[in-house]
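**Student:** Can you read through this structure? Questions will come right after.
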Amino acid sequence: MVQVADNHFVDFSISGDPSDWLAKLPIKYSIEQQQLIAKAFELARLLISENEALQSEFKEGLIIANVLIQLHVDAATLASAIVYPFFQSELVDATIIEARVSPEVAKLCQGVHAMDALQALQNEFKIQNDAGQQKESFRKMLLAMVDDVRLVLIKLAERLSVLRQAKFSDVETQKVIAKEVSEVYAPLANRLGIGQFKWEMEDLVFRYLHGNDYKSIAKNLAERRLDREKYVKQVIDTIVSQLKELQIENAEVMGRAKHIYSIWKKMVRKNVGFEEIYDVRAVRVLVETVPQCYAALGIVHGLWNHIPKEFDDYIATPKENGYRSLHTAVIGPGGKTLEIQIRTFSMHQESELGVAAHWRYKEGAKPQESGFEAKISWLRQLLEWQEDLADNNELIDEFKNEVTEDRVYVFTPQGKVVDLPLGSTPVDFAYHVHTDVGHNCRGAKIGGKIVPLNYALKTGEQVQILTSKNSGPSRDWLHQNNGYVKSSRARSKIHQWFRHQDKDKNTIAGKSILEKELARHGFEKIDLESVANHFNLHNSDDLFASVGAGDLGLNQILNSIRAQQQKDQLTKAEKQVFKPIKTTKKKQPKGIQIEGVGSLLTKIAGCCKPVPGDDILGYITQGRGVVVHREDCNHILKARDERAERLIKVSWGDSSQDVFDVDIAITAFDRKGLLKDITTVLANEKVSVEAMNSHIDKRKQHSIMKLRLNVDGVEKLDRVIAQLSQVPNVFEVKRYQ
């Protein structure tokens, strides 16, 4: 079973009726929507009927779908979740999904797959190898997220399902998955306002990365739960009574579960023990209108003394992700501290569902009533900025800064809220407003008072930038120890300004530096135009200028050249081994002898692909002669029970001049150079490859390759399998059918 919102549990079964599954959901879909979801079910069942080993993909799809149900998503999103694991594993393509489910679902699956660019953040984008391609992939990912936010919902749900299933994995796998989610996906869920995903991701990550601390806090919460529940119930009864006296109808007051990770984070930040965390006891008040929010706040502050520094008005000043609520802390009954959040029902829905509520606009709701635009405006800004960022390092740093939870919210003189990374300065603020404001920045005022340009901005401050015409940035701003710049965007803009000013000088200096370094490493006749294109530069002069300005490191260039040379060597090896797949009809295999008959039309079975040396049997077909199978083939085993009269004994005759197709599967730990090592073995054995298909199991970091080889017999095949098994990091090599 999979738990979903409001304590609903949704059973799923491969053989069950989709309508039964839909009937148990906490939300209801129209007949047309149910039919779309049912089509996704039927496609999954069709794929399973062809290969029972695909049941794990079906189960994974249902798990993702059940995660998405918490967000009340539309039918197309739910259908996409069901079939996406098959698409991700390349078991079905977009054309089939479009034909059997819908074009919309096919497009969603393709979009989610494109979001694997996020996965590259874990590998720090390895920009020295293919920076241009990575940056373009990242740009497409951002475009897809802005174009259709359902893509990021499916991706977040898929990562959350993987995080949940990690409890069955070993400790090292748990840590790898948790680190990925903590650095990218949990902050992304927060940035898009999806509170349900954010909190669960953070708690599970904390459990996997800091197990002892997690267990300690969980134990303390469990030991005090009964007393805490009694206390919170007393507070709730008091607030409900006061709300009724003021005739605030239809309000809801409830105890709010404090997440373990947020408790630990506050303990670390304040350097206090569990017993000193006041908001372990927490209450949430939901009302219908904004005036009622402030009326409820007045009731709370009238009942108990509030703690001044612990009050935040996110209704008057919403967070950049659209979050709105009143937060206050009071000294409650018995002198115990208590946190209280007050918001409207619609604010609560937005804080839990975030951009997920957007799909309902199509069904009559008004877009302006949602914080949807606020939640994705930062994505649009990042898309605009990414063209200005000098390289992939800055692009990725900027993305990480943008999704991080630690932010400061300051005001322009006109009262507009500006959202910046924690530690940002007036210089960062100036470049956020406009490039020219940043270039001409000469000073800053906070609340009317002059402050240094390396002053760390604080939430709630109003910032005014003092400018001077026709000036420019200072080189001192680029020195990290001076603390003038926090954001990658500001740093990139400053670099660009100096590059433009000093390009001729940098070109001469960079050419001298690079040529000496290439000679020192023995590189001769290097095509520097290709190297420049690799780093998205127009020509070799731009390459020299980037080196002279210090924007492009010598190691990056040397690594790029080495990688290209390795790629060229690998291509040569592949040409020796891989040959184009022939579409012409296969010749009838020579030398197959049919007992008691002699020579008849024969054909090698495509399912098990026997080779000389295998034990074989013939199966008499209608119109296609005798099809030769291995004796242990599943089709032969089935025919023994159902159509034994069609089986006939066959044997290998003179097949010394023939080559035969055979399929093998290789499972290995994914690493650089794996394909090169495998192709080298095949080249040494003079074995050709008719076709190859591979995919990565991201949860296990395994590479799974399926190859169709040409061999002249089982002896050669066994030798090849034995040698491939000796390749480093290869776990298993086997024939498959």
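**Student:** Between Phe86, Phe12, which is touching a Leu at 6+ places or on another chain (Cβ under 8 Å), modelled with pLDDT under 80 and within 30 Å of Gly193 (Cα to Cα)? Please lay out each step first, then the result.
**Tutor:** Values: Phe86 fails: modelled with pLDDT under 80.
So the residue among Phe86, Phe12 that is touching a Leu at 6+ places or on another chain (Cβ under 8 Å), modelled with pLDDT under 80 and within 30 Å of Gly193 (Cα to Cα) is Phe12.
**Student:** Checking Thr317 against (1) surrounded by fewer than 17 Cβ atoms within 10 Å (Cβ to Cβ); (2) part of a helix (DSSP H, G or I), which single condition isn't satisfied?
**Tutor:** Of everything listed in (1) surrounded by fewer than 17 Cβ atoms within 10 Å (Cβ to Cβ); (2) part of a helix (DSSP H, G or I), Thr317 misses just condition (2).
**Student:** Something else: Look through region 705-735, keep the residues that are modelled with pLDDT of 85 or more and closer than 27 Å to His113 by Cα, and return whichever of them is surrounded by the fewest Cβ atoms within 10 Å (Cβ to Cβ).
**Tutor:** So, considering only residues that are modelled with pLDDT of 85 or more and closer than 27 Å to His113 by Cα, the one surrounded by the fewest Cβ atoms within 10 Å (Cβ to Cβ) is Lys706.
**Student:** Would you check which residues across region 519-538 are part of a helix (DSSP H, G or I) and in contact (Cβ under 8 Å) with a residue 40 or more places away in the chain and list them? I'd like the intermediate steps shown before the answer.
**Tutor:** From region 519-538, those part of a helix (DSSP H, G or I) are 519-520, 528-534; that's our starting set.
If the condition is that a residue be part of a helix (DSSP H, G or I) and in contact (Cβ under 8 Å) with a residue 40 or more places away in the chain, then Asn533, His534 are the ones that fit.
**Student:** Please return the ranges of strands (runs of 3 or more DSSP E) entirely within region 539-630 where 1 or more residues are in contact with a helix residue (DSSP H, G or I) (Cβ under 7 Å, 6 or more places away or on another chain) and either of a type in the set (Lys, Arg) or modelled with pLDDT of 70 or more (or both).
**Tutor:** Filter on region 539-630 gives 616-620, 626-630.
**Student:** Here's a follow-up. Suppose we filter Ser703, Ser694 for residues that are of a type in the set (S, T, N, Q), under 15 Å from Thr679 (Cβ atoms) and either without any contact (Cβ under 8 Å) to a residue 24 or more places away in the chain or in a loop (DSSP other than H, G, I, E, B) (or both); which single one remains?
**Tutor:** Details: Ser703 fails: either without any contact (Cβ under 8 Å) to a residue 24 or more places away in the chain or in a loop (DSSP other than H, G, I, E, B) (or both).
Answer to the check: Ser694.
**Student:** Which residue is farthest from the chain's Cα centre (by Cα), if the candidates are limited to region 672-691 and must be hydroxyl-bearing (Ser, Thr, Tyr) and either crowded, with 18+ Cβ neighbours inside 10 Å or not in a strand (DSSP E or B) (or both)?
**Tutor:** As a first pass, look at region 672-691 and keep what is hydroxyl-bearing (Ser, Thr, Tyr): 679-680, 688.
When the remaining residues are screened for being either crowded, with 18+ Cβ neighbours inside 10 Å or not in a strand (DSSP E or B) (or both), the result is 679-680.
Working: Thr679: 31, Thr680: 34 Å.
Of everything passing the filter in region 672-691, Thr680 is farthest from the chain's Cα centre (by Cα).
**Student:** Something else about it: Among the residues of region 49-86, write down those that are within 30 Å of Asn634 (Cβ to Cβ) and open to solvent by less than 10 Å² (accessible area, probe 1.4 Å).
**Tutor:** Once the filter is applied, which keeps residues that are within 30 Å of Asn634 (Cβ to Cβ) and open to solvent by less than 10 Å² (accessible area, probe 1.4 Å), region 49-86 yields Phe58, Gly61, Leu62, Ile82, Val83, Tyr84, Pro85, Phe86.
**Student:** Identify, by number, the condition in (1) buried (at least 17 other Cβ atoms within 10 Å of the Cβ); (2) farther than 27 Å from Asn190 by Cα; (3) modelled with pLDDT of 85 or more that Asp130 doesn't meet.
**Tutor:** Failing condition for Asp130: (3).
**Student:** Additional query: Just give me the residues in region 489-535 being at pLDDT 80 or above, surrounded by 15 or more Cβ atoms within 10 Å (Cβ to Cβ) and of a type in the set (Lys, Arg), in sequence order.
**Tutor:** Of everything in region 489-535, those that are at pLDDT 80 or above, surrounded by 15 or more Cβ atoms within 10 Å (Cβ to Cβ) and of a type in the set (Lys, Arg) turn out to be Arg491, Lys493, Lys511.
**Student:** On to the next question. Of (1) in contact (Cβ under 8 Å) with a residue 40 or more places away in the chain; (2) outside any helix (DSSP H, G or I), Lys28 satisfies all except one. Which?
**Tutor:** Of everything listed in (1) in contact (Cβ under 8 Å) with a residue 40 or more places away in the chain; (2) outside any helix (DSSP H, G or I), Lys28 misses just condition (1).
**Student:** Could you please tell me which pairs satisfy a Cβ distance under 7 Å, a separation of 6+ or placement on different chains, a first residue in region 180-197 that is assigned to a helix (DSSP H, G or I), and a second residue that is at pLDDT 80 or above and among the basic types (Lys, Arg)?
**Tutor:** Within 7 Å, the pairs are Val181/Arg159; Tyr185/Arg159; Ala186/Lys198; Ala189/Lys198; Asn190/Lys198.
**Student:** Still on this structure, I have one more. Name the residues in region 242-264 that are at pLDDT 80 or above and surrounded by fewer than 15 Cβ atoms within 10 Å (Cβ to Cβ), would you?
**Tutor:** Lys244, Glu245, Leu246, Gln247, Glu249, Asn250, Glu252, Met254
**Student:** Does Tyr455 count as in a loop (DSSP other than H, G, I, E, B) and either within 23 Å of Leu552 (Cβ to Cβ) or of a type in the set (D, E, K, R) (or both)?
**Tutor:** no
The values are calculated or read from the model by the stated rules, or taken from the named source; none is laboratory data. Nothing here was measured: the structure is a model prediction, and the numbers come from that model. All Cβ positions, even for glycine, are placed from backbone atoms using ideal geometry, and neighbour counts span all protein chains on display. The protein model used for the area step is the full one, side chains on, heavy atoms only, and it has no ligands, DNA or RNA in it. Shrake-Rupley method; radii C 1.70, N 1.55, O 1.52, S 1.80 Å.
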